Amino acid sequence: MEKPLVFDIARCSFVDGPGIRTTVFLKACPLHCEWCHNPESISPFSQLIRQTADCRFCMECRDVCAEKAISFDGTFYFSQQQCNFCGKCESVCRSDLIRIIGKYLEPDLLAAILCRDKVYYDSSGGGVTFSGGEPLIHLDYLSEVCSILKKQKIHIAVQTAGHFNFEAFEKKLGSFVDLIYFDLKIMDPELHMKYTRRNNKLILKNLVKITESTQWKVIVRTPLIPGKTDSDQNLKAIRDFIDQLNIDGYETLENNPFYKSETNIYTPNLI
């Protein structure tokens, strides 16, 4: 596994757990959901994102690129093979249409950033939430960050799609986590494979193991994706399954696509 990369830190969030929170989004996810709201989170590598709709074709990104990875010939052209992801194009784009996403932060640096808002966590009953991507595939990294946060008595939540090593999670991170948001998308294994490219056997197994413990508060969530997860049959199957488990709540999430069709995502050439 590559070094965990942070692609966003959202401060003053009210939707990722109780109180005022800071949500850390980490790159890399074993699932490839067709409806992914954060498609830039799937790859473990740094990427360049360019929104095409409002480009003024000022050419400044082309002129600053020493690798000649950017050119214009009636339209924007980007060469993944030549780009070294230095970020110069991002710094000169006056319309903020180019972003380099995915930066490694040393655990102590990330923890220091998160602790800046401790006064808001304390006053509101909030804390820090780790999301992604799939944060629970970065257990060694998160254990270092969370050990620092817990010394400051900061509430910690994780958002997971459930495809991770439970034993490793329990050993390395379990003692730091207070709240788990567990996405349960599709019960039918064939449909789950079709829409996420992964079997749901490990996901269901992990949810059972998590709810067998009273160590964590567990809230199961289902995103309502039209024609994929929102059928009466799927929602009934999910409720029948979780009714057998010791969970603290169940939520359905309305479909709210974040990703724009006019956004291009470029991944570095790894050959």
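A short reminder: the numbers here are calculations on the coordinates, not readings from a lab. This structure is a prediction, so every number in the text was calculated from the model and none was measured. Note that we place each Cβ from the backbone using ideal geometry, even for glycine, and neighbour counts take in every protein chain shown.
A few comments on the model shown:
- Approximate spin-label separation Thr75-Tyr120, in nm, with each point projected 7 Å along Cα-to-Cβ: 4.0 nm
- For the chain, excluding the exposed loop sites themselves (trypsin sites (Lys or Arg not before Pro), DSSP loop, at most 12 other Cβ atoms within 10 Å), the longest remaining stretch covers 198-259.
- For segment 42-189, the antiparallel share of DSSP beta bridges with both residues in that region comes to about 45%.
- Exposed chymotrypsin sites (Phe, Trp or Tyr not before Pro) absent: longest stretch of the chain, with sites in DSSP loops and at most 15 other Cβ within 10 Å deemed exposed: 105-257
- Measuring between their Cα centroids, segment 158-231 and segment 91-108 lie 30 Å from each other.
- q = 0.10 Å⁻¹, the chain: log10 I(q)/I(0) [Debye, one scatterer per Cα]: -0.57
- Whole-Hz Karplus values for segment 94-107 come out as 6, 9, 6, 9, 10, 9, 9, 10, x, 10, 7, 10, 4, x Hz, taken residue by residue from phi with 6.51 cos²θ - 1.76 cosθ + 1.60 and θ = phi - 60°; glycine and proline positions read x.
- Lysines with Cα under 22 Å of Lys150, excluding same-chain neighbours fewer than 8 positions away: Lys118, Lys171, Lys172, Lys217
- Likely footprinting exposure, Thr252, Thr229, fewest C-beta neighbours within 10 Å first: Thr252, Thr229
- A Cβ-based charge dipole, computed about the Cα centre of segment 47-101 with Lys and Arg at +1 and Asp and Glu at -1, lands at about 40 debye.
- ³J(HN,Hα) computed for each position of segment 66-81 - Karplus, 6.51 cos²θ - 1.76 cosθ + 1.60, integer Hz, glycine/proline x: 5, 8, 6, 7, 10, 8, 10, 9, x, 8, 6, 10, 10, 9, 5, 5
- Using θ = phi - 60° and Karplus 6.51 cos²θ - 1.76 cosθ + 1.60, couplings along segment 242-255 (whole Hz; Gly, Pro as x): 6, 5, 8, 10, 8, 10, 9, x, 9, 10, 10, 10, 5, 5
- By the count of other C-beta atoms within 10 Å, a proxy for reagent exposure, His163, His138 are ordered fewest to most as His163, His138.
- The loop-placed GluC sites (Glu not before Pro) in segment 153-226, going by DSSP, that have at most 13 neighbouring Cβ atoms within 10 Å of their Cβ come out as Glu212.
- Extension gain from Thr252 to Leu202, taking 0.36 nm per residue of separation minus the Cα-Cα distance: 15.9 nm
- Charge dipole magnitude, Cβ of K and R +1, D and E -1 - segment 29-127, Cα centre, debye nearest 20: 180 debye
- Residue-averaged 222 nm ellipticity for the chain, from DSSP H runs of 4+ at -39500 (n - 2.57), nearest 500: -7500 deg cm²/dmol
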